[in-house]
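Heads up: the structure comes next, in structure tokens.
The values are calculated or read from the model by the stated rules, or taken from the named source; none is laboratory data. For clarity, every value in this text was computed on a predicted model and none was experimentally measured. Every residue, glycine among them, receives a Cβ derived from its backbone with ideal geometry; neighbour counts consider all protein chains shown. In case anyone asks, the SASA skips ligands and DNA or RNA and just uses the protein heavy atoms, side chains included. Shrake-Rupley method; radii C 1.70, N 1.55, O 1.52, S 1.80 Å.
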Amino acid sequence: MSILYSPATLGALTLQNHLVMAPMTRNRAIGNVPNELMVEYYQQRSSAGLIITEGTSPSPNGLGYPRIPGIFREEQVAGWRKVVTAAHAGGAKFFVQLMHTGRIGHPLNLPKGARVLAPSAIAAAGEIYTDAEGMKPHPTPDPMSDADIQAAIAEFATASRNAVAAGADGVELHAANGYLLEQFIRPNSNQRTDRYGGSIENRARFVLEVAKAAIAAIGADKVGIRLSPYGVYNDMPDYPEMESDYAYLAARLSELGLVYVHLVDHSPMGAPEVPVTIKQIVRKSFTRSLILSGGYDAARAERDLESRACDLVAVGRPFLANPDLVARWKAGAALNEIDFATFYTPGPKGYTDYPRA
């Protein structure tokens, strides 16, 4: 009997299957507010056991990309409420991913008065797209003061409460892919000399304080976290202490009692492969649910669930192009081709117009 399509447990929740729709930025939130097009998109994919949303900013300062949603204004909460209602109607449980972009942003993408913030005044390599002027170099961010750090922690807590107020089953803290939480973890982007920099104990402090604040706001059963050890996206190079740093972080997160760790492996998209050892370390150190993602097909997902390498499997691009992915995988049906050109464009093309089998 297949494990993948059988009901799963996540904390106090029962999921309709073991398949998770991974978070994917889609840039359809005009004015940074969830809209009816997004309602349709998530409703179409609600056969997943768990949906984790696209990165959603807890702060005006975290809206680094064009057209990404926030969850700090009432109209944003109201928009998410419609999305959650539609996803729940299809049977999916629903976590909002809280993503503060940190230094991966540009003033042209931010609302008036917002700032590009980071642990240290170190610009990321490369460029970022803006609707106003196209590609622009990453700016040098403002290094966060202690007051900035405390304000950001409070924003994550408020965003967690807002997500639950919108009807979501929980939140995922995005501490991966080179965004603000990971910028504190990694030594190339965090060169602080205060209690938030230097040793891994200090570099992990901000992430752990954000997690504690979210737990205090909505409860540990409603808070997960995404990590990307060995991920190099957004100028996060490999370094010698990677494995020991993430082993430390996994153990501290387990002590806090978060409901899951979502460990992403970007090697299918060209990043270094995440060694099996770090997956095993997290599996052993973190005592609650482990979600693995990165290039899964149905057969590999089934194998990893059967071997208990993980508790749930998250899938991104196959869900993007196949709103009925669960049914297709179950039937062994062919999958739609992915339209890479419309990943981040506004409008329904390449978003809600993928056909069902």
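Annotation: Met144 fulfils all but one of (1) over 14 Å from Asp235 (Cα atoms); (2) open to solvent by 60 Å² or more (accessible area, probe 1.4 Å); the unmet one is (2).
Comparison of Glu201, Glu155, Glu172 shows that the only residue that is more than 18 Å from the chain's Cα centre (by Cα) and more than 14 Å from Ala118 (Cβ to Cβ) is Glu201.
Residues of the stretch 279-300 that are over 18 Å from Met269 (Cβ atoms) and in a helix (DSSP H, G or I): Gln280, Ile281, Val282, Arg283, Lys284, Ser285, Ala298, Ala299.
Evaluate the stretch 185-194: report whether one residue or more is under 19 Å from Tyr230 (Cα atoms), out of contact with any strand residue (DSSP E or B) (no Cβ under 9 Å at 6 or more places or on another chain) and part of a helix (DSSP H, G or I). Looking through the stretch 185-194, none of the residues is under 19 Å from Tyr230 (Cα atoms), out of contact with any strand residue (DSSP E or B) (no Cβ under 9 Å at 6 or more places or on another chain) and part of a helix (DSSP H, G or I). Entry remark, the stretch 322-357: residues being at pLDDT below 95 and not in a loop (DSSP other than H, G, I, E, B) number 0 in total. Determine whether Gly62 is buried (at least 23 other Cβ atoms within 10 Å of the Cβ), in contact (Cβ under 8 Å) with a residue 60 or more places away in the chain and under 27 Å from Asn234 (Cα atoms). It is true that Gly62 is buried (at least 23 other Cβ atoms within 10 Å of the Cβ), in contact (Cβ under 8 Å) with a residue 60 or more places away in the chain and under 27 Å from Asn234 (Cα atoms). The one condition from (1) surrounded by fewer than 18 Cβ atoms within 10 Å (Cβ to Cβ); (2) under 23 Å from the mean Cα position of the chain (by Cα) that Arg283 does not meet is (1).
Of note, Leu180 satisfies the criterion of being within 28 Å of Gly316 (Cβ to Cβ) and open to solvent by less than 10 Å² (accessible area, probe 1.4 Å). Considering the conditions (1) open to solvent by 30 Å² or more (accessible area, probe 1.4 Å); (2) more than 19 Å from the chain's Cα centre (by Cα); (3) in contact (Cβ under 8 Å) with a residue 24 or more places away in the chain, Asp324 is excluded by exactly one of them, (1). Checking Asp324, Asp304, Asp311 one by one, the residue that is out of contact with any helix residue (DSSP H, G or I) (no Cβ under 9 Å at 6 or more places or on another chain) and over 23 Å from Arg67 (Cα atoms) is Asp304 and no other. Give the stretch 23-38 a look and list any residue that's more than 15 Å from Met99 (Cα to Cα) and of a type in the set (Lys, Arg), or say none. Passing the criteria: only Arg28. From the list Ser189, Ser199, Ser160, the one residue that fits, being open to solvent by less than 30 Å² (accessible area, probe 1.4 Å), more than 24 Å from Leu292 (Cα to Cα), out of contact with any Lys or Arg (no Cβ under 6 Å at 6 or more places or on another chain) and of a type in the set (S, T, N, Q), is Ser189. So which residues in the stretch 81-112 are closer than 14 Å to Ile51 by Cα, touching a Ser or Thr at 6+ places or on another chain (Cβ under 8 Å) and not β-branched (Val, Ile, Thr), if there are any at all? Within the stretch 81-112, Ala86, Ala87, His88, Ala89, Gly90, Gly91, Ala92, Phe94, Phe95, Gln97, Leu98 qualify.
Checked across the stretch 258-279, the condition of being at pLDDT 95 or above and more than 30 Å from Lys330 (Cα to Cα) holds for at least one residue.
Scanning the stretch 212-255 for residues that are among the β-branched types (Val, Ile, Thr), open to solvent by 30 Å² or more (accessible area, probe 1.4 Å) and under 16 Å from the mean Cα position of the chain (by Cα) gives a single hit, Val232. The residues of the stretch 96-111 that are closer than 21 Å to Gln76 by Cα, open to solvent by less than 10 Å² (accessible area, probe 1.4 Å) and in contact with a Phe, Trp or Tyr (Cβ under 9 Å, 6 or more places away or on another chain), listed by number, are Val96, Leu98, Met99, His100, Thr101, Gly102, Gly105.
Name the pairs: first residue in the stretch 112-130 and on the phi > 0 side of the Ramachandran plot, second residue assigned to a loop (DSSP other than H, G, I, E, B) and of a type in the set (Gly, Ala, Ser), Cβ to Cβ under 7 Å, at least 6 apart or on different chains? Once the first residue is on the phi > 0 side of the Ramachandran plot and sits in the stretch 112-130, no partner that is assigned to a loop (DSSP other than H, G, I, E, B) and of a type in the set (Gly, Ala, Ser) comes close enough.
Looking only at the stretch 65-83, residues that are within 15 Å of Leu98 (Cα to Cα) and open to solvent by less than 30 Å² (accessible area, probe 1.4 Å) come to 7 in all. Pairs meeting the criteria (first residue in the stretch 282-303 and over 20 Å from Tyr260 (Cβ atoms), second residue surrounded by fewer than 20 Cβ atoms within 10 Å (Cβ to Cβ), beta carbons under 6 Å, at least 6 apart or on different chains) are lacking.
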